[in-house]
Amino acid sequence: MKQSQSLGLSSKSKACTVCGRDAETIFQTCGLCHRRVQFEKLPPEEQERLIGTTIPKLFMPARLEHLTAELQETVSKLSENTGLMLWGKQGVGKTYAMAAIIREYISQGCLVARIGYEMLCLRIRDTYKPNAKETELSVIEPLNKVDKLFIEDVGTTVSLGRQESDFSLRTFLVLIDQRLEACLPTFITTNRTLEQLKDSFDERIASRLVQACQVIKLTGKDKRYGNEA
């Protein structure tokens, strides 16, 4: 007898009563739908507090409707395992746009994490210090488990035209590879083109980003204060 049957469980997964995915909770819904329903039950101030644990205070005003119609449509048509890479000059609103997207995903019940690329590298470097409280795995593993991962300012750890360290390359490659294999989307902002990222990292990174993300060049006014694109 199979273990599931011995425990009195059905060998077939029950479908979520909302979306039809496999139910993951005792409420006969998938985890995503359960979290969305719970989020919608929260008072507005609690919803904002929860969103504020991921979005910086400066970008809390960001809303999906503030973005261009083209970008809104792109986001709405992303498949569940496809991310987004926004690139463009500093000040065109990449972080604002990502904050708006994060807000939308949290309200949909997604588990979301956001980290700056330089901060990611700093945290992992700190794990090599004597008596470090974190390990490299303890830093990366939570980022590999969330539904949507947002990495800001990729490629800013070195000047344009210079090569990233082997450490930075390995860190980024491991993270992107593991999320690709798990079919989990990654969202990235950068001031660099794909060609420039290939030069500062290597061909593997550029190839992974093309696989993982829809690449969009962002232009227009700064979105940090709610300006239209």
Practice problem: Return yes or no: is Arg36 surrounded by 16 or more Cβ atoms within 10 Å (Cβ to Cβ), out of contact with any strand residue (DSSP E or B) (no Cβ under 8 Å at 6 or more places or on another chain) and not assigned by TED's automatic domain parsing to the domain that holds Gly93? | Solution: yes
Quiz item: What do you reckon, is Leu78 assigned to a loop (DSSP other than H, G, I, E, B), touching a residue at least 40 places away in the same chain (Cβ under 8 Å) and not assigned by TED's automatic domain parsing to the domain that holds Arg36?
Solution: yes
Practice problem: Residue by residue through the range 56-75, note down the ones that are among the hydroxyl-bearing types (Ser, Thr, Tyr) and not in a loop (DSSP other than H, G, I, E, B). | Solution: Thr74
Quiz prompt | Unique residue being surrounded by fewer than 18 Cβ atoms within 10 Å (Cβ to Cβ), within 15 Å of Pro185 (Cβ to Cβ) and free of Cβ contacts under 8 Å to residues at least 40 places away in the same chain when the list is Lys145, Lys129, Lys133 | solution = Lys145
Quiz prompt | Candidates Val139, Val112, Val92, filtered to the one that is modelled with pLDDT of 95 or more and touching an Asp or Glu at 6+ places or on another chain (Cβ under 9 Å) | solution = Val112
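Just a yes or no: is a residue in the range 89-112 in contact with a helix residue (DSSP H, G or I) (Cβ under 7 Å, 6 or more places away or on another chain), closer than 22 Å to Gln178 by Cβ and not in a loop (DSSP other than H, G, I, E, B)?
Within the range 89-112, one or more residues are in contact with a helix residue (DSSP H, G or I) (Cβ under 7 Å, 6 or more places away or on another chain), closer than 22 Å to Gln178 by Cβ and not in a loop (DSSP other than H, G, I, E, B).
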Quiz item: Taking the range 142-165 as the region of interest, how many residues are among the acidic types (Asp, Glu), assigned to a loop (DSSP other than H, G, I, E, B) and modelled with pLDDT of 90 or more?
Solution: 2
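The values are calculated or read from the model by the stated rules, or taken from the named source; none is laboratory data. Please read these numbers as outputs of a predicted model, since none were measured by experiment. Note: ideal-geometry Cβ built from the backbone for every residue, glycine included; neighbour counts use all protein chains shown.
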